[in-house]
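Trainee: Mind looking over this structure? Questions follow.
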Amino acid sequence: MKPPLSRLIVNRTPALLLAGAALAGTLFIALDSMAASAAAIIVSSAILFLFRKEPLAFPLYAVVFTAFAVWTAALKPTPVTEIAGEIHGTIEEITVSPHSRRAYVNTTRYGRIALIVTDIIPEISEGDIVSFHGSLTTLQKHVGVPFHTSEYLNSMAARISGTVVVYPDDIEVIGHDNSLNYRFMQHRRDLADIIHSSPLSSEAAGVLSTAVFATDDVNPDTRDNFRVTGLSHLLCVSGFHVGVVAALVMLILSPMRLTGRRMTLRYTLAVVLIWIYALIAGMSASVIRAAVMLTLFAVAKITQRRACPLNTLLLAFCAVLAINPWQLFSAGFQLSFAAVAGILLLARKLNPFAERNRLWFKTASVFTVPVAALLATAPLMLLWFQRLPLLSVPVNAVGTLIFPLFITVSGAGVILWYAGLPSAAVIHLGDRLFDVLKNVVDGSSGISERYSLIMMPSIAELAIITLILALLVYALHINRHRKAVIATGLCLMGVFAGCRMHAPEPSLYIDGDSRGTDIVVARPGAVKVFTSGRRTHPLSNTAPFLAAYGCDSAVIYQGEKITDRDSTQVAFLADGNHHSETGVLVVTRHSAKRAPGVIASLRPKHVVIGADVGKDSRLRIERTCRRSSVPFTDLRKKAFFENLDPTEK
């Protein structure tokens, strides 16, 4: 008779106890007071109930809980409300988009700052010491604004104290940090340059360098197709890639597959090489998780003990949070651990064949493993990306077979070419494998786009989906109470269906920074974005609005012009449509000088002051609003959001 699931997880080890204490301690400090207390009580009660018969459970739990709470508090950023003068700091991370760049800068005065450079010049890279000045956006700007949960979690995971928008002329590189961390980053860039200079095609080289060294060299169209088909995890250095590297390392060290000291040396060398790769690849949460799990597996082999995968995963969870507990709120951390947990808990149960039928079992695993990962990550995919690619299972089955071959063959071809050995045939084979992979992705992207579940779930709906998945795991592993579990699951599905029957109310969202202001008017089936100036792209993230209101794309209007249907509720001051019935009047730098007179005469219901308005003009507008008893919102400190009257035309 197989032991119950709870026994498999606990297994008379403190792995679950440690993971629960780490989770509760981190949440207790990171979340707001009420949410923190509720999370700590729920997690602590569940864990201590499972270990109620263990005499040392409570003191061990208390020690670990306190340690993680203290460590989380020590790393907690202090929000910045004002900045003055030049800021100096070192660039730790950077991502490039078609219109701007986003970097995380570690400063001595303000902590970690998110830096938005409004152009792709001047060239900056990790490790550069920069001097800059710009306009600040506070962390509290989107608190209480719907559809911004993922952005709020991102800011928590990054531990930023504020966001600064900088123009190209306002930033200067004044040096470079040569500490060990940035040396590894430079080695990673040098290795990526070798790949790009090889005879591989440019697209194949970009995918290879991105997949192996996390250099973000993939063109936007290819990345978007990978995202739509559910294969974006292949372009992020994750446990899958560490596993491929580990398999190659073990294959290279296979002549040492003997007992005794040689076996110990083999696994020790493998662990060392895996951690060197993890350091070069950037030490992301998923990479650390995979490296810790493989290390524990190697220790189990050396000591001739059997490794429990679930306990190994829980210990890896503790290890990653011990390095940086704020990674708990990052998408990579959550998706990585959820996917592996889903595979461990669901993949075998979903497989229709018994393990003794090895061939059929492994063949079916090609499909059951992606299904298990998809089910486990479904709530998180909807939370972070508002999209669940329903056809990702067959595409993943094909992609995960081709991709390791592509990495292995292409990597071998680059190594042979760099060593001056014959490599043309291997390079050619790598290019052909990439062509096959690209054809699979491009060919299925349109179908996946059509058959993806797109929705913006509320917190309550995410909780219901998570509970349904938990009931599924319970039903698959434990035979007792199955009728009650099925009935509860059906009731939860009914509640979820009832929640989705209510159409979202029309809403008005206004946000911006020193580059300009966006007005987002969202109604079921239509999302309109009105931009200030001559920008053809919105500054705001419209994806959550599109998912919430059932739209494929937003209609963008530029030049501060509001359509007739929306002009009675919102208008730019520069727009000739504003009149006495205008509900929300938006002031930008183009109209700041005449704003006080217009506000005093029209007395709108609300005034929104753009973040691009100068300090003196801002003070005059604020004084006018106070004298006229008109409420106002400063977009430097707070984004504006309200539900519109659905009957208003």
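Trainee: Take the residues in the range 135-166 that are part of a helix (DSSP H, G or I) and at pLDDT below 85; name whichever of them is nearest to residue 79 (Cα to Cα).
Mentor: Quick first cut of the range 135-166, residues part of a helix (DSSP H, G or I) only: 139-142, 149-158.
After this cut, where a residue has to be at pLDDT below 85 as well, the list is 139-142, 149-152.
On the way: 139: 6, 140: 8, 141: 11, 142: 13, 149: 18, 150: 19, 151: 16, 152: 13 Å.
The selected residue is 139.
Trainee: Can you tell me which residues in the range 164-181 are without any contact (Cβ under 8 Å) to a residue 60 or more places away in the chain and within 23 Å of the chain's Cα centre (by Cα)?
Mentor: Correct list: 181 only.
Trainee: Would the range 323-338 turn up any residue that is touching a residue at least 60 places away in the same chain (Cβ under 8 Å), part of a helix (DSSP H, G or I) and farther than 30 Å from residue 155 by Cβ?
Mentor: Looking for residues that are touching a residue at least 60 places away in the same chain (Cβ under 8 Å), part of a helix (DSSP H, G or I) and farther than 30 Å from residue 155 by Cβ, one finds none in the range 323-338, hence no.
Trainee: I'm checking my understanding of the structure. Among residues of the range 369-406 that are outside any helix (DSSP H, G or I) and open to solvent by 30 Å² or more (accessible area, probe 1.4 Å), which one is farthest from residue 542 (Cα to Cα)?
Mentor: Top of the filtered list is 391.
Yes or no, residue by residue, for (1) open to solvent by 50 Å² or more (accessible area, probe 1.4 Å); (2) among the aliphatic types (A, V, I, L, M); (3) under 21 Å from residue 32 (Cα atoms); (4) in contact with a strand residue (DSSP E or B) (Cβ under 7 Å, 6 or more places away or on another chain):
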residue	(1), (2), (3), (4)
63	yes, yes, no, no
71	yes, no, yes, no
76	yes, no, yes, no
79	yes, no, yes, yes
93	yes, no, no, yes
120	yes, yes, no, yes
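Trainee: Determine which member of the set 338, 285, 281 is under 24 Å from residue 406 (Cβ atoms) and either within 20 Å of the chain's Cα centre (by Cα) or buried (at least 21 other Cβ atoms within 10 Å of the Cβ) (or both).
Mentor: Unique residue meeting the criteria: 281.
Trainee: Do we find that residue 184 is surrounded by fewer than 20 Cβ atoms within 10 Å (Cβ to Cβ) and aromatic (Phe, Trp, Tyr) in this structure?
Mentor: Working: surrounded by fewer than 20 Cβ atoms within 10 Å (Cβ to Cβ): yes; aromatic (Phe, Trp, Tyr): yes.
Criteria met by residue 184.
Trainee: Okay, next question. In the set 366, 409, 414, 440, which member is more than 22 Å from the chain's Cα centre (by Cα), within 21 Å of residue 240 (Cβ to Cβ) and surrounded by fewer than 17 Cβ atoms within 10 Å (Cβ to Cβ)?
Mentor: One residue alone meets the criteria, 366.
Trainee: Go through the range 122-134 and report how many residues are buried (at least 18 other Cβ atoms within 10 Å of the Cβ) and assigned to a strand (DSSP E or B).
Mentor: Total meeting the criteria: 3.
Trainee: Then there is this: Given the residues 512, 498, 533, 525, which is the only one that is in contact with a strand residue (DSSP E or B) (Cβ under 9 Å, 6 or more places away or on another chain) and surrounded by fewer than 19 Cβ atoms within 10 Å (Cβ to Cβ)? Break it down into steps so the answer makes sense when it comes.
Mentor: Numbers: 512 fails: surrounded by fewer than 19 Cβ atoms within 10 Å (Cβ to Cβ); 498 fails: in contact with a strand residue (DSSP E or B) (Cβ under 9 Å, 6 or more places away or on another chain); 525 fails: in contact with a strand residue (DSSP E or B) (Cβ under 9 Å, 6 or more places away or on another chain).
Every option except 533 fails the conditions.
Trainee: Can you name the helices (runs of 4 or more DSSP H) wholly within the range 168-267 that have at least 3 residues being β-branched (Val, Ile, Thr) and under 29 Å from residue 293 (Cα atoms)?
Mentor: Once the helices (runs of 4 or more DSSP H) in the range 168-267 are filtered for at least 3 residues that are β-branched (Val, Ile, Thr) and under 29 Å from residue 293 (Cα atoms), what remains is 202-213, 239-252.
Trainee: Inspect the range 145-154 for any residue being buried (at least 17 other Cβ atoms within 10 Å of the Cβ) and closer than 21 Å to residue 117 by Cβ and give the result as yes or no.
Mentor: No: zero hits.
Trainee: Regarding residue 46, is this residue out of contact with any Phe, Trp or Tyr (no Cβ under 6 Å at 6 or more places or on another chain), open to solvent by less than 30 Å² (accessible area, probe 1.4 Å) and modelled with pLDDT under 90?
Mentor: No; evaluated as a whole, the condition is false for this residue.
The values are calculated or read from the model by the stated rules, or taken from the named source; none is laboratory data. It should be emphasised that the depicted structure is a prediction, and the values quoted were computed from it without experimental measurement. Positions of Cβ are generated from backbone atoms using ideal geometry, with glycine treated the same way; all protein chains shown enter the neighbour counts. Just so you know, the surface numbers come from the protein's heavy atoms only, side chains and all, with ligands and any DNA or RNA stripped out. Shrake-Rupley method; radii C 1.70, N 1.55, O 1.52, S 1.80 Å.
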